[in-house]
Amino acid sequence: MRHLYVVTYDISSPKRWRRVFRTMRGFGDHLQLSVFLCDLPLMERVQMQALLHEIIHHEEDKVMIVDLGPTEGRTIQSIETIGIPVEITKRGPQVV
Amino acid sequence: MDAATDSAAGAEEVPPLPVRMLNEYTYCPRLGYLMWVQGEFMDSADTVDGRFQHRRVDQEKKRRISRRAPVDDGPVTIHARSVSLASDRLGLVAKIDLVEGECNRVTPVDYKRGKRPHIPKGAWEPEMVQLCAQGLILRDNGFECGEGVLYFAASRERVPVVFDGALIARTLELVDLMRKAAREGVVPPPLVDSPKCPRCALVSICLPDEVTFLQSQAHEPRPLFPSRDDALPFYVQHQGARVRKDGDVLKIMERDELLAEGRLREISQLVLFGGVQVSTGVIQELCKRGIPMTYLSGGGWFYGVTHGMSHKNVELRRHQYRTATDASRSLVLARRFVQAKIANCRTLLRRNASTVPEDVLDDLKGDMRRAGEAPTMETLLGVEGNSAQRYFSWFSSMLANGMGFAFEHRNRRPPKDPVNALLSLAYAMLAREWTTTLLAVGFDPYLGFYHQPRYGRPALALDLMEEFRPLIGDSAVITAINNEEIRRRDFIETLGAVALTPVGRSRFIEVYERRMSQEITHPVFGYTISYRRVLEVQARLLGRHLAGEIPEYPSFTTR
């Protein structure tokens, strides 16, 4: 079952921040500074958590994962933007 | 490389059995067999989390067990993590999470990711057997060991397990059973309608309900695996593009301009048309992740595939080779492929062409019967040729009028009209799809039962795609034309050969992929499933048939 997650983070060292950013790029769309939107099956959510767990410093950094619920057969409605529109990539086979 | 494969070269006929596998075998004999003997593995949320919990155990400082206890310093405390030990007598190997104790008296501790189960014995049998086997190995290495501990990480509870006579006897019995199954090479039957199956990571490989259903028709199969895939194909057809890797993301570049990006986790295969460059970094990463990369010419001719190390399931390939050398068994399979193909062609005509006379449909039915009775491969080829001619002579009646597309007969190398160009591309895509599916399941795609192995053709892929030509290929072509997604101007003609323009090709790929993603009711099992997944299920069922588990290969025909 795929769910939509918003992942946000505060990382105190630039080195770890970059590692978190690079890792998160593999899981979802970079919405804005330190905010990612990810549409993940349970397995990848666990993977993401495990990887972030290893990267961050548990006393100095924090990561928040907000579960926006299942995405299967549903379009995203819970996101509204003001100003510059947010780009969300559609899941599907890609042809370049 | 793990211990099991390491020492297999010795005189031992069965390599040492890892106790972790004994746990799986106790849970379900078939699961243990698939994982240990056939080397099957698939990740699920549970296995990923389990590995993560164990990595934390293993990362803590490793220490060897020192058994030279100094005589006068009092008892020596042992506290060693991630200890690898073997017992030659029992033919067992184990990696023990933690060994605690004093002097010679030790206790193995095994970490479990979940919470303690609230059942009378305090733990489930597979965990107790695994722990007991660790205890027996420790005993064979000169330690005294009367009990072990299961540590449940989620509830932070320790559950002691006493190695009494009954547990030891049960453990030894299971070791013998598992080694016997491995020696004899017979896969244990699936559990019947078991509540263990839905959470099992290997359920889509094992196909417990499907196999049981095809054996005895007893229970309607439950939908135990997702009806669609999480990862999808990524096509690059932009000539002159380069594919680069940046972390977990693939970047498609043209000079310094970024054309597109794709997350590796969401890619099931990378498909390259014609002149596209790929960096070594990308190739290595794709091999590591088990994502195949396929090459097609600009016109869609399927050249080849790059993939990681071959699949471990040698047993499956042995069954395949054995059947392919057996002319009568090959003929039985070939008949089914052809019969199902004609059946699906007939259904497609019946549904999409109202003008087709009843006697043509009857003739096709006759072809089906003749294919089912064909005494030799030559006869079968003849029947197939005849029915194909019959089918294609009515093919144009399925195309909507006024789109400017005419079709008289099938031609190729090169296709001489737009419809044939589309059909050729569709079949090439299907051959590619089947080749990668067969590789992923563990087959050798080059050795078939109907198509002969020559000219490097993926014969088995061509065999299995027969019944899907009308279902996926022809159907995508008809949709593309009738919905006006492809028009006359999407083709270019050079010296009598007709090819698609890059825009047309890209649009046709979209139609084809939409068809692959389409969810249908499985004609035999009754649950909803996408065509993409149907291919994998068919390939695994073929494996089950070759291994003798199910009497016939259930070909896929729609009504």
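The values are calculated or read from the model by the stated rules, or taken from the named source; none is laboratory data. All of these numbers come straight from a predicted model, not from anything done at the bench. Cβ sites come from the backbone with ideal geometry, for glycine too, and all protein chains shown count toward neighbours. With ligands, DNA and RNA removed, areas are computed over all heavy atoms of the protein, side chains included. Shrake-Rupley method; radii C 1.70, N 1.55, O 1.52, S 1.80 Å.
Figures for the structure shown
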| read-out | value |
| --- | --- |
| When residues of the range A:29-43 are limited to those that are crowded, with 16+ Cβ neighbours inside 10 Å and facing chain B (nearest Cβ under 8 Å), the one nearest to B:ASP230 (Cα to Cα) | A:PRO41 |
| Residues being surrounded by 12 or more Cβ atoms within 10 Å (Cβ to Cβ) and within 14 Å of another protein chain (Cβ to nearest Cβ) - total across the range A:71-96 | 10 |
| Residue pairs meeting the criteria (Cβ under 8 Å; at least 6 apart or on separate chains; first at the interface with chain A (Cβ under 8 Å from one of its Cβ atoms), in the range B:260-271; second in a helix (DSSP H, G or I) and open to solvent by 10 Å² or more (accessible area, probe 1.4 Å)) | B:ARG263/A:ARG25; B:LEU264/B:GLU285; B:LEU264/B:ARG289; B:ARG265/A:GLU44 |
| Enumeration of residues in the range A:4-18 that are crowded, with 18+ Cβ neighbours inside 10 Å and within 22 Å of B:GLY262 (Cα to Cα) | A:LEU4, A:TYR5, A:VAL7 |
| Test: residue in the range A:44-54 that is open to solvent by less than 70 Å² (accessible area, probe 1.4 Å) and either in a strand (DSSP E or B) or more than 12 Å from every other protein chain (Cβ to nearest Cβ) (or both) | no |
| Whichever residue in the range A:55-70 is touching an Asp or Glu at 6+ places or on another chain (Cβ under 9 Å) and hydrophobic (A, V, I, L, M, F, W, C) and, among such residues, is farthest from the other protein chains (Cβ to nearest Cβ) | A:MET64 |
| Wholly enclosed helices (runs of 4 or more DSSP H) of the range B:157-257 bearing at least 2 residues away from chain A (no Cβ under 14 Å), loosely packed, with under 13 Cβ neighbours inside 10 Å and modelled with pLDDT under 90 | B:165-184 |
| Failed criterion for B:LEU464 (all others in (1) over 17 Å from B:LEU425 (Cα atoms); (2) surrounded by fewer than 23 Cβ atoms within 10 Å (Cβ to Cβ) hold) | (2) |
| Any hit, the range B:452-470, residues being over 22 Å from B:ILE291 (Cα atoms) and among the aliphatic types (A, V, I, L, M) | no |
| Out of B:GLU384, B:GLU433, B:GLU493, B:GLU408, sole residue that is part of a helix (DSSP H, G or I), acidic (Asp, Glu) and either surrounded by 23 or more Cβ atoms within 10 Å (Cβ to Cβ) or at pLDDT below 85 (or both) | B:GLU433 |
| Test set (1) without any contact (Cβ under 8 Å) to a residue 60 or more places away in the chain; (2) open to solvent by 30 Å² or more (accessible area, probe 1.4 Å); (3) assigned to a helix (DSSP H, G or I) - B:LEU349 fails condition number | (2) |
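Conditions tested, residue by residue: (1) assigned to a strand (DSSP E or B); (2) modelled with pLDDT of 80 or more; (3) surrounded by 18 or more Cβ atoms within 10 Å (Cβ to Cβ).
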site	(1), (2), (3)
B:GLU13	no, no, no
B:ASN23	no, yes, yes
B:GLY39	no, yes, no
B:LYS61	no, no, no
B:GLY74	no, no, no
B:SER82	yes, yes, no
B:ARG116	no, yes, no
